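The values are calculated or read from the model by the stated rules, or taken from the named source; none is laboratory data. These numbers come from a predicted model, not from an experiment. Backbone-built Cβ (ideal geometry, glycine too); neighbour counts: all protein chains shown.
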Amino acid sequence: AMTCPLITKSDGAKFGKTEEGNIWLDPQKTSPYKFYQFWLNTSDDDAEKYIKIFTLFTKEEIDKFTLEHKKAPHLRLLQKKLAKSITTMVHTPEDCITAIEASQILFGQGTSKQLKKLDENTFMTIFEGVPQYNVSKTSFTEGIEIMKLLTETSSIFPSKGELRRTIQGNGLSINKEKVADPELIIYENYLIGDKYLLVQKGKKNYFLIIAG
């Protein structure tokens, strides 16, 4: 058995099952992705404390990580070391890799290949809260013009003019791949898991089209 003192956050709040925003070891209650994100999003002070409690890094390793982190805190080295170590221990190395790749997808560094590798549960967890649009599967079977799909069938863009300008400015991605042709036809083979189409407008605006 492993024990540790009562764990508190930097604001003095304690960990406990009645506290909002806490996590579970059971992947059915907290997915590996959300588990990883929890540790990745800890404050600098909390990360410095938790890495000593929840990981098996040596004192020398932790001192080195802490020093490197303080030189460039925006890179969040401590949080990444903490999140990777504890997610691997609690879940599996494969789950941790998936969580890291999922994080990269959400924050703009992921690839289409990584996106298509995700299981449906992780996929939906990542894009929880993203605006969603339901579109008939028949539209994709027959093929639908991207202009129509994103301005009429869904309201992702208010006008075809804005959509065209976004494409010309290299600001539209479908399933993490840039769209260069405003006359593109979207077919069924574009759907992830035969169901989802991820639309990215600019760097941070995501929309999910669900075929059904």
Exercise. Across the stretch 154-163, what is the total count of residues that are surrounded by 17 or more Cβ atoms within 10 Å (Cβ to Cβ) and more than 15 Å from LEU198 (Cβ to Cβ)?
Worked result: 2
Exercise. With LEU25, LEU40 as the choices, which residue is buried (at least 18 other Cβ atoms within 10 Å of the Cβ), modelled with pLDDT of 75 or more and not charged (D, E, K, R)?
Worked result: LEU40
Problem set entry | Breaking point among (1) under 23 Å from the mean Cα position of the chain (by Cα); (2) surrounded by 14 or more Cβ atoms within 10 Å (Cβ to Cβ); (3) part of a helix (DSSP H, G or I), for PHE140 | (1)
Exercise. Of everything in the stretch 44-87 that's under 24 Å from THR3 (Cα atoms) and exposed (fewer than 13 other Cβ atoms within 10 Å of the Cβ), which residue is nearest to the chain's Cα centre (by Cα)?
Worked result: ASP45
Exercise. For the stretch 84-104, how many residues are of a type in the set (Gly, Ala, Ser) and in contact with a Lys or Arg (Cβ under 9 Å, 6 or more places away or on another chain)?
Worked result: 1
For this session: Would you point out which residue out of GLY171, GLY202 is on the phi > 0 side of the Ramachandran plot and either surrounded by fewer than 17 Cβ atoms within 10 Å (Cβ to Cβ) or not assigned by TED's automatic domain parsing to the domain that holds GLY143 (or both)?
Result: GLY202
For this session: Working only within the stretch 174-190, note down all residues that are exposed (fewer than 15 other Cβ atoms within 10 Å of the Cβ) and among the aromatic types (Phe, Trp, Tyr).
Result: TYR187
Exercise. What's the number of the condition THR58 fails, among (1) of a type in the set (S, T, N, Q); (2) closer than 19 Å to TRP24 by Cα; (3) at pLDDT 90 or above?
Worked result: (2)
Exercise. Which of the following residues is under 25 Å from the mean Cα position of the chain (by Cα), more than 19 Å from GLY129 (Cα to Cα) and basic (Lys, Arg): LYS160, LYS178?
Worked result: LYS178
For this session: Only residues that are of a type in the set (Phe, Trp, Tyr) and at pLDDT 90 or above: list them for the stretch 85-124, please.
Result: PHE123
Exercise. Looking at the stretch 171-188, is at least one residue in contact with a helix residue (DSSP H, G or I) (Cβ under 8 Å, 6 or more places away or on another chain) and part of a helix (DSSP H, G or I)?
Worked result: yes
Exercise. So which residues in the stretch 78-125 are charged (D, E, K, R) and either without any contact (Cβ under 8 Å) to a residue 60 or more places away in the chain or within 23 Å of THR55 (Cα to Cα) (or both), if there are any at all?
Worked result: LYS80, LYS81, LYS84, GLU94, ASP95, GLU101, LYS113, LYS117, ASP119
